[in-house]
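What follows is calculated from the coordinates using simple rules that are stated; it is not laboratory data. Just so you know, these numbers come straight off a predicted model, no measurement behind them. With ideal geometry, Cβ positions are generated from the backbone for all residues, glycine too; neighbour counts draw on all protein chains shown.
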Amino acid sequence: MTTPPNTTLWFPIMLRVGEDPALVIGGGKIAASKIHLLHTVGIRVHVVAPTLCSSLHHLVQKKDITHQTTHIQPETFLSLLNAQHYRLVYLATDDHSLNATLAALCKEQGILACAVDNPKASHFITPALVHRGLVQIAISTGGAAPVLACYIRSLIERIIPHGISALAQFMSTQKKRLHILFPDPKQRRHIWEQFLEGIGGPMACQGHYTQAQQVLETLITSSPHKPTGEVWLVGAGPGDPDLLTLAALRLMQNADVVLYDHLVTPDILNLVRRDAKRIPVGKTYQQHTLSQEEINAELIRYAQAGQRVLRLKGGDPFIFGRGGEELQALTDCHIPVRVIPGISAANGCAAYAGIPLTHRDCAQSCLFITGHTKADGSLTLEWSAIALRHQTIVIYMGLSILPSLCTQLITHGLPPDWPAAIIEQGTTPAQRVITGTLTSLPELVRQHDFITPSLLIVGKVVQHRVPPVLA
Ligand code: SAH
């Protein structure tokens, strides 16, 4: 899209500033915001102003910037420019016409100047900046909507991994070698893309250069037509897409194939890459679409065919999710695997229902247990370690046997009027919560027709429930 007519044309470039300091005229808040930016990037700053705001005082005291107490006029300004070579000048006094006059003087001297309140008088404007070491992303609306530029920056900040500079550093150390090994730029690009979209990128981001190097070596030695597949075991959280981790979202947008559980909500599935193949492998109570062995086999088959496979599981993959078994089966076949934790139903449901899981007055521990029975209907739990008064008990998959769970807890020592709550479809717009006691809850749940997924919370913490006030 071209720039609309009658707007100033700006061309984004990265400017080499070298050792030359930047000059800032003015010591107020706007000057301070520019100075902080220059300082973050590592540019030396000389500020000239009769007074400084407190954050700038702090920088002067730390000797991070130099300060000259001069009330600037055009003549004094010219002598400043003559005394030292400045690459960049910011004009940020509260006298608008003085800023414009000084910008014009800079132009005569061939120095780049920005009058902060006046893009028309400026030779450059300052973009909103995402600064992560070697990686810098500049966002500009040409001065038309600075708040929008900042908003876009916050969106980008969320998706760029924190270790991106370490990744850039790793790639720069490998650049020359790849150039020699693969003179064809298309081949080099292919290898780097596979590296970045696979497990190598995140490893280098975390500074694990030895492992990243191994991944790169595998890509270098494997034939370019036979990409190496991998599997990502990712927790999708309890239902609300806002509870996805940044890593989960990134991988969801990179996957070729997605094998997902029935617990993964449609709103979350909508965030998966549009052209990824989606395969439901969900298990509902007594109704398994695929057996665990079949799921493992499918994961292995797709990965061995060179696909990037996302195994998307409700909550956390390692909490009652059989993620451990999948990890074992995949590593047995030497398939690279990443595990991304998710917010488990206990954390999500408790938070959205306003029930603290621990409380210093009444619950010093919190136990997650499963109410899932074996094929013969038996449930072997060590009740004496569970039915404790200073403990919160969270029961997953307990809905279908709720009456017997409550009876067992009473039989093993908890009072019949002990507080209990149940949360259905927690964290989703359909969430329902009932609180009661071990005696009353089964009947209440029956009356209100609770369905799965539902989570049971037993313990005094239920009495501390404060339903959150929604904005
Ligand atoms: N790995 C998942 C748990 C899988 S077991 C996790 O970490 O959350 C499935 C059980 O989790 C369900 O039967 C139910 O007890 C609980 N559960 C999962 N999501 C839930 C939700 N949104 N609301 C209530 N319970 C939920």
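Amide H contacts of Arg278 (H built 1.01 Å from N, in plane; Pro and chain starts excluded): Val258 sit under 5 Å, all sequence-distant by 5 or more or on other chains.
Taking K and R as +1 and D and E as -1, what net charge do the other residues with C-beta under 13 Å from the C-beta of Pro429 add up to? The answer is -3. Our coupling estimate for the stretch 163-180, obtained by passing each phi through the Karplus curve with A = 6.51, B = -1.76, C = 1.60 and θ = phi - 60°, is x, 4, 5, 5, 5, 4, 4, 4, 5, 5, 6, 9, 4, 4, 4, 5, 4, 6 Hz, Gly and Pro reported as x. The string of couplings for the stretch 316-324 from the Karplus curve (6.51, -1.76, 1.60, θ = phi - 60°) is 10, x, 9, 10, 6, x, 6, x, x Hz, one whole number per residue in order, with x for Gly and Pro.
Just check the stretch 1-70 against the gyration tensor rule for me: Cα atoms, a ≥ b ≥ c as the square roots of the eigenvalues, rounded for a/c under 1.5, and otherwise prolate or oblate depending on whether a/b exceeds b/c.
prolate
The shape of the stretch 159-238 comes out oblate: with a ≥ b ≥ c from the C-alpha gyration tensor, a/c is at least 1.5 while a/b does not beat b/c.
Summarising the amide proton neighbourhood of Arg338: residues at separation of 5 or more, or on other chains, whose placed amide H is nearer than 5 Å comprise Val231, Trp232, Leu233. Sorted largest first, the principal axis extents computed over the alpha-carbon atoms of the chain equal 92, 58, 44 Å. First check a/c for the stretch 230-343, with a ≥ b ≥ c the square roots of the eigenvalues of its C-alpha gyration tensor; if it is under 1.5, answer rounded, and if not, answer prolate when a/b is larger than b/c or oblate otherwise. Rounded shape, in that the Cα axes give a/c under 1.5. So what's the net charge close to Asn254: Lys and Arg +1, Asp and Glu -1, counting the other residues with Cβ under 15 Å from its Cβ? Charge balance in the 15 Å sphere: +3.
Mind checking the stretch 297-388 for GluC sites (Glu not before Pro) that DSSP puts in a loop (not H, G, I, E or B) and that have at most 11 other Cβ atoms within 10 Å? Those that pass, being in a loop and sparsely packed, are Glu382. Packing here is the average count of other Cβ atoms within 10 Å per residue, and on that basis the peptides 335-343, 460-468, 61-69, highest first, run 335-343, 460-468, 61-69. Using the average count of surrounding beta-carbon atoms within 10 Å as a protection proxy, the listed peptides 136-144, 394-402 rank, highest first, as 394-402, 136-144. Inter-label distance, Gln211 to His448: 4.3 nm, where each label sits 7 Å from its Cα along the C-beta direction. Inter-part distance, the stretch 417-452 to the stretch 16-75, computed on C-alpha centroids, equals 61 Å. Couplings for the stretch 56-65, taken from phi via the Karplus curve 6.51 cos²θ - 1.76 cosθ + 1.60 with θ = phi - 60°, read 6, 3, 4, 5, 5, 4, 6, 6, 7, 9 Hz in order; Gly and Pro are left as x. For Leu367, nonlocal amide neighbours, meaning residues 5 or more places apart or on other chains whose placed amide H falls under 5 Å from its own, are Thr392, Ile393, Val394. Report note on the peptides 353-362, 14-23: ranked by the mean count of other C-beta atoms within 10 Å, highest first, their order is 353-362, 14-23.
Counting only DSSP beta bridges with both residues in the chain, the antiparallel share comes to about 35 percent.
Summing +1 for each Lys or Arg and -1 for each Asp or Glu among the other residues whose beta-carbon sits under 10 angstrom from that of Leu88 gives +1. The mean sequence separation of alpha-carbon pairs under 8 Å and at least six residues apart, normalised by the residue count of the stretch 124-184, gives a relative contact order of 30 percent.
Distance between the C-alpha centres of the stretch 80-142 and the stretch 205-267: 42 Å, rounded to the whole angstrom.
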